[in-house]
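Have a look at the structure below before the remarks.
The values are calculated or read from the model by the stated rules, or taken from the named source; none is laboratory data. These figures come from a predicted structure and were not determined experimentally. Here Cβ is always computed from backbone atoms with ideal geometry, including for glycine, and neighbour counts include all displayed protein chains. The area values use the complete protein model at the heavy-atom level, side chains included, leaving out ligands, DNA and RNA. Shrake-Rupley method; radii C 1.70, N 1.55, O 1.52, S 1.80 Å.
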Amino acid sequence: MSSRKNPLVPESREALTKFKIECAQEIGHLQYIKENNDHYKGDVPAKQNGLEGGPIGGQMVKRMIQMAEQMISE
């Protein structure tokens with residue numbers, strides 16, 4: 001199954017980008033986000049891309065879970 005390239009709510013793209021930048025900055029991976037590093041990466045192995053970008057997505061999920069837990073507890 002292919003992954004969705006567009007958010008379910010297209011108007012949220014800018015907010016998601018800002019959120020990704022915040023999360024990348026928190027863990028010191030700001031240099032790996034596409035907005036700061038927009039060059040060809042087709043020659044980079046998937047393992048390397050995962051090591052660079054994977055922690056950013058993990059941090060995003062971690063923060064989204066924290067936000068959801070706060071909403072539930074209120």
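Residues in the range 19-28: is at least one surrounded by 13 or more Cβ atoms within 10 Å (Cβ to Cβ) and basic (Lys, Arg)? Within the range 19-28 (the criterion being surrounded by 13 or more Cβ atoms within 10 Å (Cβ to Cβ) and basic (Lys, Arg)), the answer is yes, since at least one residue qualifies.
From the list 15, 24, 46, pick out the single residue that is more than 19 Å from residue 63 (Cα to Cα) and among the small types (Gly, Ala, Ser). Working first, answer last.
On the way: 15 fails: more than 19 Å from residue 63 (Cα to Cα); 24 fails: more than 19 Å from residue 63 (Cα to Cα).
Within the list 15, 24, 46, the selection yields 46.
Figure legend. Inter-residue proximity from the range 19-35: first residues touching a residue at least 12 places away in the same chain (Cβ under 8 Å) and farther than 19 Å from residue 48 by Cβ, second residues of a type outside the set (A, V, I, L, M, F, W, C) and not in a helix (DSSP H, G or I), beta-carbon distance below 7 Å, spacing 6+ or different chains. Indicated pairs: 21/35.
Evaluation of residue 37 against the conditions (1) part of a helix (DSSP H, G or I); (2) open to solvent by less than 50 Å² (accessible area, probe 1.4 Å); (3) within 22 Å of residue 18 (Cβ to Cβ) shows that the sole unmet condition is (1).
State yes or no: is residue 11 among the acidic types (Asp, Glu) and under 13 Å from the mean Cα position of the chain (by Cα)? Don't jump to the end; show me each part of the working.
Numbers: among the acidic types (Asp, Glu): yes; under 13 Å from the mean Cα position of the chain (by Cα): no.
The answer is no for residue 11.
Residues in the range 1-43 that are at pLDDT 85 or above and of a type in the set (Asp, Glu) were compared, and the one that is nearest to residue 64 (Cα to Cα) is 22.
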